[in-house]
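The values are calculated or read from the model by the stated rules, or taken from the named source; none is laboratory data. Quick caveat, the model's predicted, so the values are computed rather than measured. Cβ atoms come from the backbone with ideal geometry, glycine included; neighbour counts cover every protein chain shown.
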């Protein structure tokens, strides 16, 4: 990278970090290609975020690291080239790459930030909190060594099982203490934001946000409180995951069906 490119990437990282304001959340309608990224920017959003599930679907693969890392990174690079705002990449669990290699790849792509989740797709299940915290710390050290202020959004996956099981509020609440412990460890390891995906109930969210000393990302699942309510809870970042892509494909299916009429 040229000195100018390095400076521009550093500026985009710092801009992305500055937009994480509890009570005034950064809104991230997740994209899947250059065209959808351009649409987000044209609509006035200051940051573009990818959705791994949506990007993988566009490439013909399943989510959860079903797509090869090089194809996911290449897709992110095309999105970065298409827009003039910070881009944060959903890097899933890091594709089995060593932290230094992952950081180098994200820097080459031009990503201002990344999501890193604590599910281990190769071994199955969720990594132990201390193991994931150590990995995040290694990512932070590698980024610092490259003078790359990468914004790390640490995803916490303890609610995915309850979510899949159509859990009620009481069931979700049972997992909040572990989620808080993980969030604290990840922030101390160098994460900039924590992302308890699937935590949708207002009371449990309030406890999580109150007890976690750092920015919190919430995904807008169908039962999640409104954006205004999330802001009132102190949420700093709201994303839509794969749901906009799903809605777009549903609309496409409707249009295709209408062509027969």
| message | Looking at the range 30-57 only, could you name the residues that are under 19 Å from residue 76 (Cα atoms) and surrounded by fewer than 19 Cβ atoms within 10 Å (Cβ to Cβ)? | response | 33, 34, 35, 38, 39, 41, 42, 45, 46
| said: Cβ-Cβ distance below 7 Å, separation of 6 or more or different chains: which pairs start in the range 24-35 with a residue that is more than 23 Å from residue 60 (Cβ to Cβ) and end on one that is in a strand (DSSP E or B) and modelled with pLDDT of 95 or more? | reply: 25/237; 25/238; 26/237; 27/238; 28/49; 28/237; 28/238; 28/239
| Hits in the range 133-162 (condition: at pLDDT below 95, in contact with a helix residue (DSSP H, G or I) (Cβ under 8 Å, 6 or more places away or on another chain) and either part of a helix (DSSP H, G or I) or surrounded by fewer than 19 Cβ atoms within 10 Å (Cβ to Cβ) (or both)) | 162
| remark: In the range 57-83, residues that are over 14 Å from residue 105 (Cβ atoms), part of a helix (DSSP H, G or I) and touching a helix residue (DSSP H, G or I) at 6+ places or on another chain (Cβ under 7 Å) total 5
| Taking the stated definitions as given, is residue 130 at pLDDT 95 or above, farther than 29 Å from residue 224 by Cβ, outside any helix (DSSP H, G or I) and touching a helix residue (DSSP H, G or I) at 6+ places or on another chain (Cβ under 9 Å)? | no
| message | I'd like the full set of residues that are in a loop (DSSP other than H, G, I, E, B), farther than 16 Å from residue 197 by Cβ and in contact with a helix residue (DSSP H, G or I) (Cβ under 7 Å, 6 or more places away or on another chain), limited to the range 95-127. | response | 95, 97, 110, 111, 112
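For the range 184-217, which residues satisfy the criterion of being part of a loop (DSSP other than H, G, I, E, B) and out of contact with any helix residue (DSSP H, G or I) (no Cβ under 7 Å at 6 or more places or on another chain)? Walk me through it before giving the result.
Within the range 184-217, the first condition is being part of a loop (DSSP other than H, G, I, E, B), and the residues that meet it are 190-192, 197-201, 212-215.
200, 215, listed by residue number.
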| request: Return yes or no: is residue 49 outside any helix (DSSP H, G or I) and closer than 27 Å to residue 97 by Cα? | output: yes
